[in-house]
Structures are given as structure tokens and as C-alpha cells.
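> One structure, as C-alpha cells, below. Some questions next.
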């Protein structure tokens, strides 16, 4: 199903934000929209967006490739992006990530067997003072989880299984 | 003329126009600054940082606002604390540039060391080896050691097919974005892009088919490393084994200058073989570019297995038989020649026919040459000079498919400020770059052109143009239509005839159609009836293969003599076959549609048992008592120059003259323009305008337009087809595709035809299968049929379309 068929109102709202002769600017919100359902942008969606904005599919794909919050491959429902850059590592982020891997039974870059969580290591998320921290990407939404421990993270994973995102 | 700026580079005083970049100013002074991302045909981006130099500018005394002086009275120079990129800095008055100081060299060397941290240096197995600026620079700086850790070297895929034509080696890529920028800015086909970032940066294409652009081969020329290579030349030869032969591309009327790279090899039986086609710089014709048709189909047909040849005795007897038949026929002979022949061939042919009293016709799907010879581009014209205040009109032609390099050059003219008007019966790729797009219903071409002057903005652009160039083609038209269209277009040029950068250009389908017209040949209005009962001498044309009706007409001829380089349907039905040498195997000249006469040189020896066409005519002449020059093409040209007014003053020596061209592209340079060749063997000479009175431009028109519930088929062209010179290009097989017809969805709905569905086309007495392709931009009731796909279509005609039964 095409984006226009699936989200007619949203597409209209996005187009309304940009002047008609500069509609190519709508490419980023449209890509988030395309990513909403399954957490990644399918090639058909890129083609559809390119056609809507008079761009070449390759130009749209380049944007997906450049920005780290767009994905072109199916992964877990949630992407847990742990920062392990130097300042975070000094606050224990690398150990946190390592034991999180152990608890989830997956390596960095892998997805839990139930398809719920994909664990990723990323560069600076601008929250060094609150490390260990990660952001949770759910399609087109991102939330920060700061001052985390492995226990609290596993609690979050349990909540995610039940459809919630809250932890005590 | 821009203001001139004085500066010194490495102590050499240089004067260049304002706005010139330091890197270009240095090149003009003969100083090579190494570059990777910078290319003189594209805007600078400063991405690779290889061109680091020291730049000093005269210091200004802040108190007085005057230039600060040293104690000895010389201007005080202010150098930036760090090195600067020569490719992004324009020159300024009094600037001092140092490119070879220890500091500059150290900067360049370190940059190279950084680039090499993720480059495999696999030069011994790289197709670019021997003509690669990265390799040259590495050798020059001689760093045999890297301070970086070898184990951390970037590993990436080495065999990525960006399509079946272009291969990408991801390890070799240095992310200079030349290919991406070429596709976006020069070609206007943004089908390449970066993916990811940092060390993961990758070149990708998402088009279908991969790397879908007819200019894709040029990216392999300008790639400064061996990342992009062609499938055609892949592992074909080492660059230093190759010889160079100046030639021309014979696939369309643009006349791109090319260099054939040849070598003697065991694989080809110990004879010289062409290994690849490279662009040869001619800033007035093709700049430094060629299209993929020229590169991947270019000469390949001259090596097809269907090449004809006869041993000496058989050749002699074939010539005698042909002479006997012509002698018997005399004025009952009809000569029919295709636009693949050279000027020299056409001239000898014309002389022979004239002495026999026979008729000589050009075999061409498009007419109007009497107008392009009288209203053609004035001597000295250059599409590259068109810009602000100039207007270019393109009517009934899809230049991207029919003459790709013009598409590229007109796009550039529009960017420089020229008003580009595209009038066509369907959407074409040039529309995107046009100031005005005029869409007409097929059949209204002539009326549309006549009405242009009356339109407000378009009319002004045409009337007030400082220079006006009109391209007309055969999209949807046959002989009668193109002739009327040429007249209507010529009418717009009244009063501008003979002026530089003004004129009418015919988008022919062959390299020398213009030359044929200049020498007085023209197509027959009703070819079929001309052939009946006559002795027909067909040269470099395949009427029987193009149209069964013409095959029937040839069957009704008294005798058929066929002369060609390849076996065709026509040679198969001929009583006498004369095998000709291909243009790569001889010398000669073509006249481009811009009326520029250009020389092509011998690249490989003639295939055994073949002769150049002009020599065959001379041989026949000898037998028929007609004295013709057959010793060399040069001598024939001397005769043409003496006898044909338009060619007056042209000689092979003049055609071989070159003048300095900018940008300077040379293959060993670190200032790297690409693997294309500089032009050492001739830029060509414009013809003088024909002095014959111009034909009347009024009172023609009246074409076919579909009535209610009627379907009209019109002929259109696609770049890759199954024509005689295209079909042997195996590499392009996938892109040629199957026969297709174009329909408006509304028309298709009435016929229950689906997009991509199979249909049966009944036209001109033939029933053929084709794929239906929807095109919303064309008028209803019209069926586009592509030429040279096995469905005969020469003129607009009625057609029947039925949905093919599903297998």
C-alpha cells in the first residue's frame, strides 16, 4: 500500500508546510512517515517519495543512507541505540553495553529472537553526563533513557513486550 | 570581457580573467597542481583537499586602507597560517601562489597518505593503471611506508555492478563525488548518490536498470582512480599498450570526436583491434564527453560476424558484374545511399550516377536538408557560446535519445541563461531544463511552429533573440512531415541566415546525412515506385530489412546491387554484393548536422576483401569509362573543394588544424581532466552556406491527425534500437529491450490494453508483437512505434492494436 493511500491526511499536512516550488524539502518528514509502520524505509516507499517530489530515487536513498535515524533494513520493533563514545565509556557505558548484550543474549547489531529489540552502538547523543544512556527508536519516534542500569533496561524490555514503554 | 587579474604562481607572472580559480590559472601557466575532486567542467567543491598550496595576498594597512608595504617598497604579503585549496580560491590582484614549497608539498603528501589509508593500491590489476592520477601522485611522492596501521585498512566490495555497463570497486573509491556531480550537474541524470558517511561512504544507484543514464561511461573517464570502470574494457588491455587513432563517432549526426585505442593482439588473430572508444576533446562539438551509444555501440558493428568480404578474384568479378548491370541500365539505374557514407563516397557516387544519367537518392527517414543547407548554422557557430539573450528551439525531437550530446550542451546553454523552448508531441527529458515547454497533438507540428511567433513570451524570445538556433527532428514524422516542418522552422530564421550561432539544425539519424544534402542528394518522395523495374544500387542502407514493402519493391526491381560492410536483408536479396571497408578502416570526412566537416583517420587495417566505398565507385567508374578519383580520400576531397561551392577552401590539412582549447586535458597531468584525449588531429571546419537560393518556406502543411475512433501510428526514435549499427552491440542488449508501442492511457483503456501488456500491432501490412507502454503526455488516438525494432514505420499511418492472447 502506498504512503498516500495509507496516510492521506499526514501526507497532505506535510505538503502544506512547504511552498509548491520547494516541495523537495518534504523529503525528510515523508521518510519518517514511511518508516512509521515497520521501522525501515522500503525501496517502494523511496520510489514513491521520489515520484511525489520530482526527485530521483537515488537522491532519496542518499538521504536515507546519510542520516542514522533512517533505516533501509528490517530490524526489531524497537532500536536501542546505546552511546559508547569516550565520555559515556568513562561513566561505564561500554561495560553497560557488554552486560546488556549478555542479558539479551545478542551481540551489538543483532535483534532479539522475538524480533522486539535491536541493539546498536552509536556515537554521541549529547547526554554524556547522564551515561549510561541510550535512545529508543520506534519507527518515527525517539525517546531518551538516561542514567540507566542493566536491571532497569531489562525492566524496560519486559514493558516493551507488553506494549508499554514505562519503567519505574 | 571580464577584468584581468595579475598574480604570480611559483614566481611566474600570470594574467587571467577575474573569477578564474587558482588551480586553473596555474594550469594556464603550465603548472600542475594535483587535484582529485576538482574537474574544470564542474563547480569546485573542495572535498578532497589534494590541491593544498600556499596563498599570499597583499596586506592592507588598517589605518590607511592602503596596501601595506615592506621597507623596500614592495607590497607586504599576508599568508594564511594554513594551506589553502587552489580549486576553491579565485585569483585576486597581487596574489602570490606557491605550489612547490616544502610546506605545500608536505601538505599534499600528507593528504595522499590519508587517502591511501583506505585505498588498496592494486594498480597491477586495475584497469586505470597507467593513466591514473592517484597512481602518478603515489609514484611521485614515493611513500613506500605508511604511518597508518595496515590491519585497519578499509575493506570493501571490489565487484559491484552499478548496472551491466559500469562496475564499481568500492575499495578504490576516494569519495571525490566527480561521478555524482557529473550525473547531477552535467548530465542532469542524478542516478548516482552517496550512501552512509565517513569511512563507510559508498556510491550507489537506485535506478532501474542500474545507473540508468546514457552518459554513464563518462564517469569512468573522469574517475580519478580505478573505482569506476566499463564492462566493455574490463581487463581488456593495459593502457600503455594502446595506440591512439583519432576518429569520429558515427552513431548520430553530432559528430563527437573520439579516439580509438587499438593494439595488436593474439586474441584477435595477431591483427590490430580496437579495444575501446574514448572522447577526444573538441569544445565546439562534444567538449570532453561522449554518450554510451558511442562508447558501447560505437565501432562494435564494424567487428560484427556478419561483416562481408570477398577474395581478390571474386571482388574483381563482382565489380565487373556490377559494372555490366549498370552499363546495361544506364539512366534506368537508381542509386540509393545511406547516411553512413562519407563526403568523399557521396561525391564519387554522385559523379558516377550523373555520368550514367541515373537517379541518386539519399536513404533517410527524414527530409528537409534543402533547408538546413540554406539556413544552417553559420561558420564559427558553437553551441557552447549560447547563453543570455539567445534562444534555442527544439521541435519534434527527443534529443536525449536521438543526439545525447546536444541534450547535454543545450541543458548547459539553458543554465548559462539561454531561453530553451522545447516543442514536442510527448514529454522528453529536455523539458526539465526548458524555459518553455510546448505540447502539441501529433500531426500539429507545422501549425504549432507557425503559431510560436504569435505567442506572447515565446514569440518575444524568438523575435528578440540575439542568436536563434532551431533544432528540428522526426519525432512522429516521416519525409513529408519533416520537410514541411523544416520549412516552417526555416521561416523563423529569415534574416538571420549565415550569421554565427544562428541557424537550422536537422536531427538526422546518421552521421553524414547533412553531407549528403550538401552534395545535392535527397530522399525520394515515393521510393517504392522509383525502384520498380530499375537496376537498383543500394549502398550503406538496408531498405529490405527496414520495411517489407521496400523488400517487395526491390524484388520487383530488374536487378539489385548491394554495397555494405555487413550482411543485411538487402545484401541477401542482391544479385551482386560489394563488400565495403568500415569507416574505422579508412580515411574520410563526415559533415555534422551543425555543418562542420571533420576528419576520421584509419584506426585498423581494412578487413580482407573489402574496399573503401569511394574506391569501389572509382573502380566501377573505370569499367564504365568514368574517370573518378579512387586513390585516396584526400584527393577526392581536393576535387570536392574545387567543385562544390559549400566545400570551397576545405582540405585535409585544414581539417587537421587545431587551436588551443580550454580546459587543458592531458592524460599524464596531475591536474586531471579525465582519460579522454586532447585533440591533436583536427577540430574540423564549418562549411560555407550553400549559395543556392533558399527554397520557399511557405504554403506547406496538412498532416495526419487521428479522427474519432481511429488510431494513427507515428514513428519515434529510441537511443538503443535494433538497427544495423546497433544490434551487434552485445553489451547493450538488455537496454535495447523488446519492441514497444507508446499509448495514452485513455487510448489504451478503449482498447483494453494494460501498461506493460503484450499487444499485436497491425501496421503497413505487417502484424507484429509489442509491449504496450503508457505515456500520458501524448495525444489520444496516437500510437508511438519505435523505429528499427522490426515494425516498419516510415510515415504516420493508420494502425490496429489488439491485445495479444495470453500464452
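> Pick out the one residue from B:271, B:285 that is modelled with pLDDT of 95 or more, in contact with a strand residue (DSSP E or B) (Cβ under 8 Å, 6 or more places away or on another chain) and either surrounded by fewer than 18 Cβ atoms within 10 Å (Cβ to Cβ) or within 28 Å of residue B:672 (Cα to Cα) (or both).
Selected residue: B:285, the only one of B:271, B:285 that is modelled with pLDDT of 95 or more, in contact with a strand residue (DSSP E or B) (Cβ under 8 Å, 6 or more places away or on another chain) and either surrounded by fewer than 18 Cβ atoms within 10 Å (Cβ to Cβ) or within 28 Å of residue B:672 (Cα to Cα) (or both).
> Further question on the same structure: Given the residues B:630, B:621, which is the only one that is in contact with a helix residue (DSSP H, G or I) (Cβ under 7 Å, 6 or more places away or on another chain), outside any loop (DSSP other than H, G, I, E, B) and not assigned by TED's automatic domain parsing to the domain that holds residue B:375?
Sole residue among the options that is in contact with a helix residue (DSSP H, G or I) (Cβ under 7 Å, 6 or more places away or on another chain), outside any loop (DSSP other than H, G, I, E, B) and not assigned by TED's automatic domain parsing to the domain that holds residue B:375: B:621.
Each row is one residue, and each column tells you yes or no for (1) buried (at least 21 other Cβ atoms within 10 Å of the Cβ); (2) more than 10 Å from chain A (Cβ to nearest Cβ); (3) in contact (Cβ under 8 Å) with a residue 24 or more places away in the chain.
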residue	(1), (2), (3)
B:173	yes, yes, yes
B:192	yes, no, yes
B:208	no, no, no
B:211	yes, no, yes
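> Shifting gears a bit: Considering only the stretch A:125-168, state which residues are surrounded by fewer than 12 Cβ atoms within 10 Å (Cβ to Cβ) and either touching a helix residue (DSSP H, G or I) at 6+ places or on another chain (Cβ under 6 Å) or in a loop (DSSP other than H, G, I, E, B) (or both).
If the condition is that a residue be surrounded by fewer than 12 Cβ atoms within 10 Å (Cβ to Cβ) and either touching a helix residue (DSSP H, G or I) at 6+ places or on another chain (Cβ under 6 Å) or in a loop (DSSP other than H, G, I, E, B) (or both), then A:126, A:162, A:163, A:164, A:166, A:168 are the ones that fit.
> State whether the residues of the stretch B:744-752 include one that is within 24 Å of residue B:429 (Cα to Cα) and without any contact (Cβ under 8 Å) to a residue 12 or more places away in the chain.
no
> Among the residues of the stretch A:16-33, is there at least one that is under 20 Å from residue B:200 (Cβ atoms), part of a helix (DSSP H, G or I) and within 12 Å of chain B (Cβ to nearest Cβ)?
Going through the stretch A:16-33, the residues under 20 Å from residue B:200 (Cβ atoms) turn out to be A:31.
From the residues that got through so far, the ones that are part of a helix (DSSP H, G or I) too are A:31.
Filter again for within 12 Å of chain B (Cβ to nearest Cβ), leaving none.
No, that holds for no residue.
> Please tell me if residue B:549 is in contact with a helix residue (DSSP H, G or I) (Cβ under 7 Å, 6 or more places away or on another chain) and surrounded by fewer than 24 Cβ atoms within 10 Å (Cβ to Cβ).
yes
> Part of a loop (DSSP other than H, G, I, E, B) and either more than 27 Å from the chain's Cα centre (by Cα) or without any contact (Cβ under 8 Å) to a residue 12 or more places away in the chain (or both): is that true of residue B:498 in this structure?
no
> Also, I was wondering about something else. Looking at (1) out of contact with any strand residue (DSSP E or B) (no Cβ under 6 Å at 6 or more places or on another chain); (2) crowded, with 16+ Cβ neighbours inside 10 Å; (3) without any contact (Cβ under 8 Å) to a residue 12 or more places away in the chain; (4) more than 14 Å from every other protein chain (Cβ to nearest Cβ), which is the only condition residue B:159 fails?
Here residue B:159 clears every test but (2).
> Counting only residues that are part of a loop (DSSP other than H, G, I, E, B) and in contact (Cβ under 8 Å) with a residue 60 or more places away in the chain, how many does the stretch B:340-357 have?
3
> Test of understanding: among B:521, B:504, which residue is outside the structural domain of residue B:475 (by TED's automatic domain parsing) and either assigned to a strand (DSSP E or B) or crowded, with 19+ Cβ neighbours inside 10 Å (or both)?
Answer to the selection: B:521.
> Check A:44, A:48 and return the single one that is more than 14 Å from the chain's Cα centre (by Cα), crowded, with 18+ Cβ neighbours inside 10 Å, within 14 Å of another protein chain (Cβ to nearest Cβ) and outside any loop (DSSP other than H, G, I, E, B). So that I can check it myself, show each step before the final result.
Details: A:44 fails: crowded, with 18+ Cβ neighbours inside 10 Å.
Residue meeting the stated conditions: A:48.
> Show the residue pairs that are 6+ apart or on different chains and have beta-carbon atoms under 6 Å apart, the first residue being within the stretch B:102-122 and in contact (Cβ under 8 Å) with a residue 24 or more places away in the chain, the second being part of a helix (DSSP H, G or I) and crowded, with 19+ Cβ neighbours inside 10 Å.
From the stretch B:102-122, the pairs are B:112/B:137.
For (1) away from chain B (no Cβ under 14 Å); (2) part of a helix (DSSP H, G or I), each residue gets a yes or a no:
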position	(1), (2)
A:10	yes, yes
A:59	no, yes
A:62	no, yes
A:81	yes, no
A:94	yes, yes
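> Another one. Going residue by residue through the stretch B:267-278, is there one that turns out to be over 25 Å from residue B:607 (Cα atoms) and touching a residue at least 40 places away in the same chain (Cβ under 8 Å)?
Here is the first cut: in the stretch B:267-278, the residues over 25 Å from residue B:607 (Cα atoms) are none.
Taking every residue of the stretch B:267-278 in turn, none turns out to be over 25 Å from residue B:607 (Cα atoms) and touching a residue at least 40 places away in the same chain (Cβ under 8 Å).
> OK, next. Scan B:597, B:577, B:604 and give me the residue that is modelled with pLDDT of 95 or more, touching a strand residue (DSSP E or B) at 6+ places or on another chain (Cβ under 6 Å) and assigned to a loop (DSSP other than H, G, I, E, B).
Unique residue meeting the criteria: B:604.
> Residue A:88 - would you say it is at pLDDT 95 or above, away from chain B (no Cβ under 14 Å) and either surrounded by 20 or more Cβ atoms within 10 Å (Cβ to Cβ) or in a loop (DSSP other than H, G, I, E, B) (or both)?
When the stated conditions are applied, residue A:88 passes them.
> Test of understanding: among B:235, B:215, which residue is within 26 Å of residue B:429 (Cα to Cα), part of a loop (DSSP other than H, G, I, E, B), more than 13 Å from chain A (Cβ to nearest Cβ) and touching a residue at least 60 places away in the same chain (Cβ under 8 Å)?
Only one candidate passes the filter, namely B:215.
> In the set B:773, B:735, which member is within 25 Å of residue B:396 (Cβ to Cβ) and either part of a strand (DSSP E or B) or touching a strand residue (DSSP E or B) at 6+ places or on another chain (Cβ under 7 Å) (or both)?
Only one candidate qualifies: B:773.
> For the condition free of Cβ contacts under 8 Å to residues at least 60 places away in the same chain, under 18 Å from residue A:138 (Cβ atoms) and more than 14 Å from the chain's Cα centre (by Cα), what is the one hit in A:7, A:18?
A:7 is the lone residue from the list that is free of Cβ contacts under 8 Å to residues at least 60 places away in the same chain, under 18 Å from residue A:138 (Cβ atoms) and more than 14 Å from the chain's Cα centre (by Cα).
> In the stretch B:1-18, what residues are within 21 Å of residue B:385 (Cβ to Cβ) and in a strand (DSSP E or B)?
Passing the criteria: B:4, B:16, B:17.
> Further question on the same structure: Check every one of the strands (runs of 3 or more DSSP E) wholly within the stretch B:19-104 and list those with 2 or more residues that are within 31 Å of the chain's Cα centre (by Cα).
The strands (runs of 3 or more DSSP E) meeting that bar number zero.
> Here is a further query. For residue A:67, only one of the following conditions fails: (1) under 22 Å from residue B:191 (Cα atoms); (2) touching a residue at least 40 places away in the same chain (Cβ under 8 Å). What is its number?
Every condition holds for residue A:67 apart from (2).
> Next question, about the same structure. Answer with yes or no whether residue B:28 is surrounded by 13 or more Cβ atoms within 10 Å (Cβ to Cβ) and either at pLDDT 95 or above or farther than 22 Å from residue B:672 by Cβ (or both).
No; evaluated as a whole, the condition is false for this residue.
The values are calculated or read from the model by the stated rules, or taken from the named source; none is laboratory data. What you see is a predicted model, and the numbers here were worked out from it, not measured in a lab. Neighbour counts run over all protein chains shown; Cβ positions are idealised from the backbone, glycine included.
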